[in-house]
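Down below is the structure, laid out as C-alpha cells.
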Amino acid sequence: MNITIKPLGGVGQIGSNSTLFSDNNSHIIIDAGILFPNDSNFDINYLIPDLSKVEEKIDAIIITHGHEDHIGAISHFIDYFPEAKIYAPKFARALIISKLNHKNISKEIIPLPERLKIGNFEVCSIHVNHSIPDTKGLVINHGENSILFISDFKLDNENIYEKYFDFNALKEFSTGSFKIAMLDSTNIRSKTLHTPSESSVQKDLEKIILETERNCFITTFASNVHRVQTIINICKKHGLACIPYGPSMKRYIEIAENLDMLNTYDVIYEPQDRSIKRKKVIIATGSQGEFRGATTRIATGNDKHFKLTENDSFIFSSKAIPGNEKTLANLYNKITKTGANIYTSDSYQIHVSGHPGKKDLADVYEAFQPNIAIPIHGESFFIKDHKEFVLANNYAEQSFAIENFDQILISNKKVKITQSEEIPPLIIHGNDLEIEREKISERRKLATLGVVFISLSKKSVSYTTMGIPNISDQDNELFIGHLRELNASNKDSDEEIRIYTRRFFGNLLGYRPIAVVQSL
C-alpha cells in the first residue's frame, strides 16, 4: 500500500511544524505548531498552516514535544479535526491541557505510548535530547517502509537530567527494509559539528552568579526546564534566593515540578518578598526582547519590583532567534546604561543549542542507514544545505529538498515528490481569530502612513489626524476652507474630498496618508 507524506508547515521556515502521513485508510498528523510573526505582520499573534486545504479525515494527531512551534496551534487543529485522537508525551500533554483549560476547551489528551497502532501505521516513539524535557523522535513503520521522523533533537551523552538519545530503540523499532530519514536541519550551517551538552553551561553560570556583587538576572526560555534546574541547583548550593519572574516561567516550573521533572528545593521566592536579605537570582521571561516580557521591563526601568544597578549582572542564557538581533542589541544598550554587567553566549558558555550539528546528524544517519533522506525543520536554504551534506557523505542513496504542501509518495521502494504551489499560512490575531491577509496590508498602511479623519455635516466640517505631523495654522485654514467649499458644492462629495485630502497632505508631507470621510 502506498504512503503519502505532506508537510503542512515547518519546511522552508522555522515554526508551524505539522506533517500529514496518509495511506488509503488512515491519516495521521504529526505536531500542531504555530509560526511566530516577523515585524512585517504588525503585531499579530501568530500564524498557522491553512488547515482548510487538508481534505482527509484525520484519525490522530501525535505530538513530539512541548515547544510552541509544535503545540501552539492545538486548539485550531481541534476545531478543524474534532474527531481526531490526540497523543502527546507527558510534559507536552500537561502543557496542552493547561493551554486548553485556559481556553475552556474540553478534549482528551492521551499519553503517547511507546508503540501505537493506527490502521496500517505503527508509530514508535524513541527518547531524544532537546532543549525541552520529554522530547520524542518517531519511527513510523508501514509494511516494508520505516520512516525516521525527528524534527528537533540533539545528542547529549553528558546530560545529568535525563537519559540519552535512545539508539537501541531506534534500531529495534526500524523493522522495514526501505528506510526514509526526515531529520532536523536547524544547525546544518553551524560551525559547531557536535552540539555541546546542556551540562556544559553550569560552570560559567555559577562563576558569573558568584562574582556578581548584588543581584543576578538571568533570562532564558521558560521551556528549558533543565537550564532552570541548573540555576536552581546553583542557588541551592550557595544559599541564594531564586525568583522565577514572568507568568510563563512560573507555569513551566509548576508543571515540571508536578511531573517530578524539576526540583525547586526550598530556594524559590516571590518577587514581592521583601524579607530576602541575601543575593537574589531572578530568572526572567522575555529572552527575545518581547515587548511585554519581564526582561524588557527590567532593562528599561519600567518594572515594579526590580531596578538594575551597577552592582547587578544580567545573563542572557539564550540566543537570538533570527530577526530579533536588533531588538536584543537595543536591550543590551539599555542595560549597559544602568551600569549593570551583561553576559551573552558570544563570550561565555552560558547557552547551548537544542539542535544537532553535522557530526550529530552523521551519527544518526549511520545508525539508521536510510535509503532516502528528506531534510525537515528549517529554512529553505537549510534544507538545501542538508540535502547536499547527505549526498556528499553518502548517508543515503537519494535526498530531496521539499517545501510545505509538497506531496511525497512512497511506493514500491521508490519516492516521488510532487511540488505544490505555495499556500500562505493563516494569520491569527486577538482571541484566536483568523484575520484576512488584506487586513494586514491595511495595518501596514495605518502604521506607516497615518490617517486623516474628515467629519462632514450640512453645517460643519472638521478633521482629526493620527500618526502624522501637525500642520501650520496657515495650512490648516487653507485645508478647512477648501473642504467647506467641496462640501457645500456637491452632495456626493465624499470621494472628491478623500482624494483632495490625500493630495493636500501628500504635498505637505511627501507621502499620502490614508483619508477616511465620515458623513454625519
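Every read-out reported here was derived from the displayed coordinates using simple, explicitly stated rules and does not represent laboratory data. Just so you know, these numbers come straight off a predicted model, no measurement behind them. Cβ: placed from backbone, ideal geometry, glycine included. Neighbour counts: every protein chain shown.
Which whole-Hz couplings ³J(HN,Hα) result when phi for each residue of region 326-333 is put into the Karplus expression 6.51 cos²θ - 1.76 cosθ + 1.60, θ = phi - 60°, listed in order with x for Gly and Pro?
So the Karplus estimates, Gly and Pro as x, are 5, 4, 5, 4, 5, 5, 4, 4 Hz.
Would you list 377, 142 from fewest to most Cβ contacts within 10 Å?
On the way: 377 28, 142 21.
So the ranking, lowest neighbour count to highest, is 142, 377.
If you put +1 on each Lys and Arg Cβ and -1 on each Asp and Glu Cβ, how big is the dipole of the chain around its Cα centre, in Debye rounded to 20? Intermediate values should be presented prior to the final figure.
On the way: 59 positive and 65 negative charges, 231 e Å.
In debye, rounded to 20, the chain gives about 1120.
For a quick check: with amide H placed at 1.01 Å from N, whose amide H comes under 5 Å from residue 264's, ignoring anything fewer than 5 positions away on the same chain?
none
Could you list 1, 261 so that the one with the fewest beta carbons within 10 Å of its beta carbon is first and the one with the most is last?
Details: 1 13, 261 20.
Listing 1, 261 from fewest to most nearby Cβ atoms yields 1, 261.
Using a simple charge model, +1 on the beta-carbon of Lys and Arg, -1 on the beta-carbon of Asp and Glu, nothing else, what dipole does region 198-343 show about its Cα centre, in debye to the nearest 20? Provide the component values of the computation, followed by the final result.
Details: 21 positive and 16 negative charges, 81 e Å.
Charge dipole of region 198-343: 380 debye, to the nearest 20.
Mind running the shape call on region 450-519? Use the C-alpha gyration tensor, a ≥ b ≥ c as the square roots of the eigenvalues: rounded below 1.5 for a/c, prolate if a/b tops b/c, oblate otherwise. If you can, show how the numbers build up before the last one.
Numbers: a/c = 1.75, a/b = 1.52, b/c = 1.15.
In terms of gyration-tensor shape, prolate.
For a test of the definition: using alpha carbon positions, the gyration tensor, and the 1.5 limit on a/c, classify the chain as rounded, prolate or oblate.
Working: a/c = 2.22, a/b = 1.32, b/c = 1.68.
In terms of gyration-tensor shape, oblate.
In what order do 165, 479 fall by count of nearby beta-carbon atoms within 10 Å, going from fewest to most? Numbers along the way, then the final one.
Working: 165 26, 479 20.
Fewest to most other Cβ atoms nearby, the residues stand as 479, 165.
Can you tell me what share of the DSSP beta bridges in the chain is antiparallel? A percent to the nearest 5 is fine.
Of the beta bridges lying entirely in the chain, close to 50 percent run antiparallel.
Using per-residue counts of other Cβ atoms within 10 Å, averaged over each peptide, order 349-360, 126-137 from highest down.
On the way: 349-360: 21.2, 126-137: 25.3.
Answer by packing, highest mean first, reads 126-137, 349-360.
In region 450-519, with Lys and Arg counted as +1 and Asp and Glu as -1 at Cβ, which of these residues, 483, 519, 451, has the Cα nearest the positive end of the dipole, that is, farthest along it?
Going by the Cα projections, it comes out as 519.
For region 1-160, just say rounded, prolate or oblate: build the C-alpha gyration tensor, square-root its eigenvalues into a ≥ b ≥ c, call rounded for a/c under 1.5, and beyond that prolate if a/b exceeds b/c, oblate if not.
Because its axes are fairly even, with a/c under 1.5, region 1-160 counts as rounded.
How high is the relative contact order of the chain? Use alpha-carbon pairs under 8 Å, at least six apart in sequence, and give a whole percent.
On the way: 1092 pairs, mean separation 80.6, N = 520.
Relative contact order of the chain: 16 percent.
Of the cross-linked pairs 207/334; 326/387; 304/334; 57/85, which ones have a Cα-Cα span greater than 20 Å in the structure shown?
On the way: 207/334 24 Å; 326/387 31 Å; 304/334 17 Å; 57/85 12 Å.
Too far apart for the 20 Å limit: 207/334; 326/387.
By DSSP, what percent of the beta bridges with both residues in region 109-259 are antiparallel, rounded to the nearest 5? If you can, show how the numbers build up before the last one.
Values: 17 of 23 bridges.
For region 109-259, the DSSP antiparallel bridge percentage is about 75.
Using the Cα centre as the reference, give the magnitude of the dipole from point charges on the C-beta atoms of region 52-137 (Lys, Arg: +1; Asp, Glu: -1; all else neutral), rounded to the nearest 20 debye.
That gives region 52-137 a dipole magnitude of about 200 debye.
Quickly rank 90-101, 459-470 as a protection proxy: mean count of other C-beta atoms within 10 Å, highest first.
Values: 90-101: 19.2, 459-470: 12.3.
Top of the packing list down: 90-101, 459-470.
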